[in-house]
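To start, the structure itself, in structure tokens.
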Amino acid sequence: MAHKTLVPPDDVRGLSVADIDEFRAEHDVLKALRRCGHEVRVVGVGDHLTELRDAIDEWRPHVVFNLLDEFSSIISYDHYVVAYLELLRQRYTGCNPRGMMLSRDKVLTKRVLATHGVATPRFTLFPFGRRFRAPARVEFPLFVKSATEDASLGISQASVVEDMRSLRERVEFIHDEVQSDALAEEYVDGRELYVGVLGNAKLAALPPWEMDFGTLPRDQARIATHRAKWNRKYQAKHGITTGKARDLSKEQRARLIELAKRTYRALYMSGFARMDFRMRSDGSIFLLEANANPNLSKGEDLADSAKAAGISYTALVNRVVQLGLAYMPEWRMFEP
């Protein structure tokens, strides 16, 4: 199950790297599933669920491999599609609807994690559709982003603001261009670290991964902007890479893994996820985001960290399938 515009072609010969990047995750997963010996039918989902329902009724798949990251062009609606699968009593891969809903809402995530001892940056929310009002108490610098969007959408060097005028401009940019609530949170200067987690009840954490900002000029913030994450030319120009986190103490590594698992459980996640952290020079760690169903492309952070743990890409994709088959939604309690 993928977005209708991202269904990969049967033959990618003659296509550029940029062309393939548009549907790389779908293409890589499809190839891996077929290498595992699975019979696969690709269903493109647009603004309606008719095709999905018809395919399930006709084919009766053992499991639906979920690669959707939005529905009807609304990113926060993806969990409704998974909830629909549960109503159909259809097994699926990846996170369950409750975990997707909680983790998608970054403010709700912060409030839940506050009761579980997971530190997140202090924040102020600026709701979409309301006029900007300067907060009474605020400490700069702040980092401004969408409260719901992911994949670094709307994030650039201008996202780090040093004064009230810049804060207003960036909040209005998120409102106007991204069309969502704006979240202004304490800017945490430090290392950008990622931890992948696999599992349902029993969890396995992958080796901590790190973004290296290479030769990015010192007057620019070390943040995962949209260009830093997705623009190959920009990455090559500045030597921006990701790889296994080096020079972590045994205690720091254990702490990152423990916080990743605690976050996963606190948000009722299942299947697989990636936790994004910032670690200051004093060793303090802050959870930035909890990403349900992160990018599964071959060569991306999750797949590469799994490879470092001895899990090949094909084995990772198959593990996701097995976790989907093993997940216990409420309807399975009533099966005869």
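The values are calculated or read from the model by the stated rules, or taken from the named source; none is laboratory data. Treat the numbers as computed from the prediction; the structure is a model and nothing was measured. Every residue, glycine as well, gets a Cβ built from its backbone with ideal geometry; the counts of neighbours run over all protein chains shown. Protein only, heavy atoms only, side chains kept; ligands, DNA and RNA dropped before computing areas. Shrake-Rupley method; radii C 1.70, N 1.55, O 1.52, S 1.80 Å.
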Per residue, the convex hull enclosing the Cα atoms of the chain spans a volume in Å³ of 152
Over 24 Å (Cα to Cα) among Lys229/Lys298; Lys145/Lys298; Lys145/Lys244; Lys31/Lys237 -> Lys145/Lys298; Lys145/Lys244; Lys31/Lys237
Residue-normalised value, i.e. accessible area per residue, for the range 152-218 at 1.4 Å probe, in Å², stands at 43
Partner aspartates and glutamates whose C-alpha sits under 17 Å from that of Lys202, ignoring same-chain residues fewer than 8 away, are Glu258
With the range 290-336 reduced to its Cα atoms and the Debye formula applied, log10 I(q)/I(0) at q = 0.14 1/Å amounts to -0.45
The Rg/Rh figure for the range 199-257, Cα atoms and Kirkwood Rh, to two decimals is 1.09
The range 279-296 scanned against label point 7 Å out from Leu125 along Cα→C-beta; backbone N under 19 Å for 287-292
Taking Lys and Arg as +1 and Asp and Glu as -1, residues besides Asp10 with C-beta under 14 Å from its C-beta add up to +2
Computed Rg/Rh for the range 48-167 (Cα atoms; Rh = Kirkwood radius) stands at 1.09
Sorted largest first, the Cα spans of the range 156-225 on the principal axes come out in Å as 47, 32, 19
Highest mean packing first, using Cβ neighbours within 10 angstrom, the peptides 49-56, 141-148 sort as 141-148, 49-56
Share of accessible surface on carbon and sulfur in the range 1-106, whole %, 1.4 Å probe and ligands ignored, is 49
Cα-based Rg then Dmax for the range 229-294, in Å, read 14.2, 40
Two pseudo-spin positions, 7 Å from Cα along C-beta at Asp282 and at Ala326, lie apart in nanometres by 4.0
Taking every other residue with Cβ under 11 Å from the Cβ of Gly199 and scoring Lys and Arg +1, Asp and Glu -1, one gets +4
Two pseudo-spin positions, 7 Å from Cα along C-beta at Asp212 and at Glu177, lie apart in nanometres by 3.0
Once Asn231 and Ile74 are pulled to full extension, the length gained, defined as 0.36 nm per residue separation minus their Cα-Cα distance, is 54.2 nm
Zone reached by a paramagnetic label modelled 7 Å from His38 Cα along Cα→Cβ, restricted to the range 1-24 with backbone N below 14 Å, covers 1-2
Per the range 200-336, sqrt(5λ) over the Cα gyration tensor eigenvalues, sorted largest first, in Å, gives 30, 18, 14
Candidate cut points under trypsin sites (Lys or Arg not before Pro) in the range 168-216, DSSP loop plus at most 13 other Cβ atoms within 10 Å of their own Cβ, are Lys202
With all protein chains present, the range 208-336 has a carbon and sulfur share of its accessible area (1.4 Å probe) in percent of 50
The base-10 log of I(q)/I(0) that the Debye equation returns for the range 1-96 at q = 0.11, 0.14, 0.20, 0.22 Å⁻¹, one scatterer per C-alpha, is -0.32, -0.53, -1.05, -1.23
Using eta = 0.692 mPa s and T = 37 °C, Stokes-Einstein with Kirkwood Rh from Cα pairs puts D for the range 98-224, in µm² s⁻¹, at 204
Stokes-Einstein, Kirkwood over Cα pairs, the range 152-272, 25 °C, 0.890 mPa s; D in µm²/s equals 148
The rounded separation in angstrom of the Cα centers of the range 154-214 and the range 252-318 is 15
In nanometres, the difference between 0.36 nm per residue of separation and the alpha-carbon distance of Lys244 and Asp219 is 6.4 nm
